[in-house]
Amino acid sequence: MPTYVLLLGMPGAGKGTQAQMIAQELNLPHISSGNLFRQHISKMTPLGEQAKLYIDRGELVPDDLTISMIRERLCESDCARGALLDGFPRTPAQADALESLLKEFSGQVNVVPMIRVTEDDLLERLTGRWTCRDKGHIFHQKYNPPKEPGICDIDGSELYQRKDDEAETVKNRIEVYLEQTKPLISYYKDKGLLCEINGAQSIEQVNADLLAVIREYL
Ligand code: AMP
């Protein structure tokens, strides 16, 4: 049976950084809905053009567009063993759609780790973040600086600051999270799948805690 791990947490909780590490450690593909949208935007596809309108305002891309993009990605051959999902689902409707989709693959969500941080920490984390142009690898000017400024340690591509990481948009993204994504906490708690991790620790400690809880469920 394939394995599906969903990583939850507010924007800036460290989901992307941890997802990259954990996907490697569990040997699962890392599927980030945000990265998929950014790839569509840089290739100027019709989906990218539509998604950009929402992303630049810090709003969620409509469920139907998001769900069909994820469905397409999960059907690719590297997902036969399962996937680590980062940033999807973000609404209860997406979570319901994912459940039906995974049934088609004879799978189900196995565990939902949630990285918990306080709202005060988020603004600093997001506004200091640098993202790699090619693959979306994440750095932070203070907490996780690249070896060479402006260059991704992993693939050497250019680092840039996401437009939606600017302070005003970040505030909107946090509001959107509280309104639309926070209900997923009780959604997965009720299913007995949620486990919370303290995100206010070093990257290595958060990683160790995450791996430990995930392994308990797999
Ligand atoms: P992220 O990289 O996960 O912070 O996502 C960046 C932006 O992409 C979000 O602020 C949304 O505008 C959009 N996005 C990413 N994932 C989703 C999703 N599951 N549903 C709707 N919009 C999304």
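Observations on the model:
Condition check ((1) under 28 Å from Gly58 (Cβ atoms); (2) more than 16 Å from the chain's Cα centre (by Cα); (3) assigned to a strand (DSSP E or B)) across all residues:
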| site | (1), (2), (3) |
| --- | --- |
| Phe139 | yes, no, yes |
| Asp155 | yes, yes, no |
| Asp164 | yes, no, no |
| Asn172 | yes, yes, no |
| Lys189 | yes, yes, no |
| Gln205 | no, yes, no |
| Ala212 | no, yes, no |
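- The residue that is nearest to the ligand (Cβ to nearest atom), counting only those in the stretch 75-97 that are within 15 Å of the chain's Cα centre (by Cα) and assigned to a helix (DSSP H, G or I), is Gln94.
- Odd one out for Asp56 among (1) crowded, with 22+ Cβ neighbours inside 10 Å; (2) under 27 Å from Leu123 (Cβ atoms): (1)
- Check on Ala51, touching a residue at least 12 places away in the same chain (Cβ under 8 Å), in contact with a Phe, Trp or Tyr (Cβ under 7 Å, 6 or more places away or on another chain) and not in a loop (DSSP other than H, G, I, E, B): yes
- Filtered residues of the stretch 22-37 (kept if more than 7 Å from the ligand (Cβ to nearest atom) and either free of Cβ contacts under 8 Å to residues at least 24 places away in the same chain or of a type outside the set (S, T, N, Q) (or both)): Ile22, Ala23, Gln24, Glu25, Leu26, Leu28, Pro29, His30, Ile31, Leu36
Conditions (1) modelled with pLDDT of 95 or more; (2) within 24 Å of Lys52 (Cα to Cα), marked per residue:
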site	(1), (2)
Asn144	no, no
Glu148	yes, no
Ile154	yes, no
Arg162	no, yes
Val170	no, yes
Pro183	yes, no
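- Flag for Pro113 being touching a helix residue (DSSP H, G or I) at 6+ places or on another chain (Cβ under 8 Å) and buried (at least 19 other Cβ atoms within 10 Å of the Cβ): yes
Each row is one residue, and each column tells you yes or no for (1) touching a residue at least 60 places away in the same chain (Cβ under 8 Å); (2) open to solvent by less than 50 Å² (accessible area, probe 1.4 Å); (3) within 17 Å of Ile22 (Cα to Cα).
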residue	(1), (2), (3)
Gly136	yes, yes, yes
Asp155	no, no, no
Thr169	yes, yes, no
Leu193	yes, yes, no
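The values are calculated or read from the model by the stated rules, or taken from the named source; none is laboratory data. Since this is a predicted model, take the numbers as computed values, not measurements. All Cβ positions, even for glycine, are placed from backbone atoms using ideal geometry, and neighbour counts span all protein chains on display. Side chains are part of the model used for accessible areas, which takes the heavy atoms of the whole protein and leaves out ligands, DNA and RNA. Shrake-Rupley method; radii C 1.70, N 1.55, O 1.52, S 1.80 Å.
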